[in-house]
Amino acid sequence: MSDEQRTDNTKNALLSVFDKTGIVEFARDLHKLGWTIYASGGTAKIIDEANIAVKDAASLVGGSAILGHKVVTLSREIHAGLLADLDDESEMKELAELNIPPIHLVAVDMYPLENELQNPDATPVSIREKTDIGGPTMLRAAAKGRRIVLSRQEQRQAVVDWLKNDMPEEETVREELAAAAEYESARYIGISAQYLGQGDTYVTAIKRNKSLKYGENPYQAPSAFFSDNRSNPDPLGLDQFTQHKGHTLSYINATDLDRLINSMAHIAAGFERNFGNVPFIALGAKHSNSCGGAVADTAVAAIEKMIEGDLRAIFGGVIIMNAVIDVPEANALLQYKMDGEKDRLLDAIIAGGITDEALAIITRKKLRVLTNPALLSLSEVSLEQASKLRPVRGGMLISPQPNFVLDLSADEITGTGEITEQQKRDIILAWGIGSTSQSNTITIVKDDMLYGNGVGQQDRVGAAQLAIKRATDASHTLSGATAYSDSFFPFVDGPTTLVEAGITTLFASSGSIRDQEVIDYLADKNLTIRMIPDKIGRGFYGH
């Protein structure tokens, strides 16, 4: 039964919005459809100035706004009009006896509390003034009463079109609008709770952005990507990427992309800090850890060096680069080192942009292609700023992001041996990859190219051995290469393993009781070593 039938064709709408954008057009559409419009304060004023019939919401409560406009819609009469069961004759009769009209539609947005909290000039008083009570209360009452409830400005045109179309699938639409209103209220109240909690409260509200076929394994279905980045959106957030072709992004694609973005941002930040510029960067990953990585003066050179890093592991991998893919880049991605075989099998290609000509070259239907222009301007500000969240059984771990940027000229850096510009570049590349790979990690780089990434090991010797094996399996010669360790070496066995493989430059943290023993050993072997205190520059990641 429609609201028109329930209430003898009387249709009452209550509009109360802080952001007046488009509210006149919305009110005009409702008026043309025969709705009686009630509005509060400034909303009523702007509608009236547009020569649209409107009644002051205060008339519903038999008075006017009180306490300096703090209390307008918080009244028994308005909430009775929202909560009464429109199908219950006794409740409708009671409303009529009280001279309270039922309210069938509510359009409300809330005071911009979030903006005020981000305002550097905000005060406790200004924050209280921007804390809305009536808005969330009306939204929740309208949601409970299954009214037509609009909680966001962008819903208005769709609702008007729906009304004009005689309200198809009415109950479903009402449920969807009610869910949205409850979500907006929860998000708003959560922001206030987090502010008032002063670090003891963490509340987040997110909604489905993209459905995924399943999680890490096929039996983990359904799965989805949830987000809500409307305020101060992260330009590198996964929701900011545009997919041009290929299968829907998978759960593992999403985790790979997340890790690759962090690795790219760290490499870019390191080069900007130490050299004043960001080169072309290309990274390839399998299961979130880089198996290929390179920096170069051209995008094609970076792609080729990245692929050479590990031709075996890049099979079926995900590649990201801070460049626009044109025909030369597309050909390099698909055909470099393929020796006339079919195009390289990849799962996803991510870049700052792609030309139509390059997109036409990528013929494999399953291959996902995504772009985000934010990748073209990576810098230190590209490092993620939001709190790092890690669900654990029974709760959540919350910490700042690992946003340390290695500066080889910092006072905390110690070491022995002369260091060349190339060795500095290799240290930064190895650090950027290794500090965003699952620890324990040893990362080996030579001449701007990742040779071997030994990740996720229980001891540092094992990580060194794995990095060396990956490099030698890929036919790389390690003589003169640089190694990065994400923490200190507790014994000389790890450095010994690297020295015997031909490593000549090492970057690690300090903090072991055997630091001097390690330093003396490396000096005796004529290795160049740079160290940073573990409490400052340890690179643990991905636990």
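Structural remarks
- Kyte-Doolittle at least -1.0, axis length at least 27 Å by Cα - qualifying DSSP helices, the chain: 170-197, 251-275
- Helix-only CD estimate at 222 nm, as mean residue ellipticity for the chain, using -39500 (n - 2.57) per DSSP H run (n ≥ 4): -11000 deg cm²/dmol
- Cα centroid separation - segment 20-46 against segment 328-351, whole Å: 56 Å
- What the chain shows is 47 Å² of accessible area per residue, with the surface traced by a 1.4 Å probe over protein heavy atoms.
- When the charge dipole of the chain is built from unit charges on Cβ atoms (+1 for Lys and Arg, -1 for Asp and Glu) and taken about the Cα centre, the candidate among H247, L196, N232 whose Cα reaches farthest toward its positive end is H247.
- Over 19 Å between alpha carbons, listed pairs K446/K469; K32/K164; K213/K365; K305/K525; K11/K55; K210/K245: K305/K525
- Taking amide hydrogens as placed 1.01 Å from N in the peptide plane, the amide H of L212 sits under 5 Å from those of S223, A224, F225, each at least 5 positions away in sequence or on another chain.
- Mean-position separation - Cα centroids, segment 112-160 and segment 472-539, in angstrom: 56 Å
- Within segment 315-434, DSSP assigns beta bridges of which about 35% are antiparallel (rounded to the nearest 5).
- Note on K337: aspartates and glutamates with a C-alpha under 14 Å away, same-chain residues under 8 apart excluded, are E304, E308, D310, E329.
- Alpha carbon convex hull of segment 195-280, projected area averaged over orientations, nm²: 8.8 nm²
- Label-point separation in nm, A50 to R152, each point 7 Å along Cα→Cβ: 2.1 nm
- With R₀ set to 30 Å, the beta-carbon distance separating R128 from D200 gives a calculated FRET efficiency near 0.95.
- For the peptides 229-235, 424-430, 477-483, the ranking by mean Cβ contacts within 10 Å, running from highest to lowest, is 424-430, 477-483, 229-235.
- Surface composition of the chain: carbon and sulfur make up 49 percent of the accessible area, probe 1.4 Å.
- Karplus (6.51, -1.76, 1.60) ³J(HN,Hα), θ = phi - 60°, over segment 118-128, in Hz, Gly and Pro reported as x: 8, 6, x, 9, 5, 10, x, 5, 5, 5, 4
- Beta bridges by DSSP in segment 388-543, antiparallel share as percent, to the nearest 5: 65 percent
- With θ taken as phi - 60° and the Karplus curve 6.51 cos²θ - 1.76 cosθ + 1.60 applied, the whole-hertz 3J(HN,Hα) list for segment 348-360 is 7, 10, 10, 8, x, x, 8, 7, 4, 5, 5, 5, 5 Hz, x standing for glycine and proline.
- Counting only Cβ charges, +1 for Lys and Arg and -1 for Asp and Glu, the dipole size of segment 411-494 around its Cα centre is about 300 debye.
- The chain - share of DSSP beta bridges that are antiparallel (%, nearest 5): 55 percent
- Dipole orientation for the chain: of the candidates S59, A122, L406, L406 has the Cα lying most toward the positive pole (charges on Cβ; Lys, Arg +1; Asp, Glu -1).
- The HN-Hα couplings worked out from phi for segment 412-420 by the Karplus form 6.51 cos²θ - 1.76 cosθ + 1.60 (θ = phi - 60°) are 6, 6, 10, x, 10, x, 6, 10, 8 Hz, whole numbers, x standing for Gly and Pro.
- Compactness of the chain was expressed as the Cα radius of gyration divided by 2.2 N^0.38 Å, which yields 1.25.
- A Cβ-based charge dipole, computed about the Cα centre of the chain with Lys and Arg at +1 and Asp and Glu at -1, lands at about 600 debye.
- Remark: segment 68-203 carries a charge dipole of roughly 500 debye about the Cα centre, counting +1 on each Lys and Arg Cβ and -1 on each Asp and Glu Cβ.
- Charge tally in the Cβ shell below 11 Å around K245, where Lys, Arg are +1 and Asp, Glu are -1, K245 excluded: +4
- Ranked by the mean number of other Cβ atoms within 10 Å of their residues, highest first, the peptides 36-45, 17-26 come out as 36-45, 17-26.
- Part-to-part distance (alpha-carbon centres) for segment 228-277 and segment 393-412, which is given in Å: 18 Å
The values are calculated or read from the model by the stated rules, or taken from the named source; none is laboratory data. Owing to the predicted nature of the structure, the values given are computational and were not obtained by experimental measurement. Please note: Cβ atoms are built from the backbone with ideal geometry, for glycine as well, and neighbour counts cover all protein chains shown. These accessible areas exclude ligands, DNA and RNA; they are computed on the full protein's heavy atoms, side chains included. Shrake-Rupley method; radii C 1.70, N 1.55, O 1.52, S 1.80 Å.
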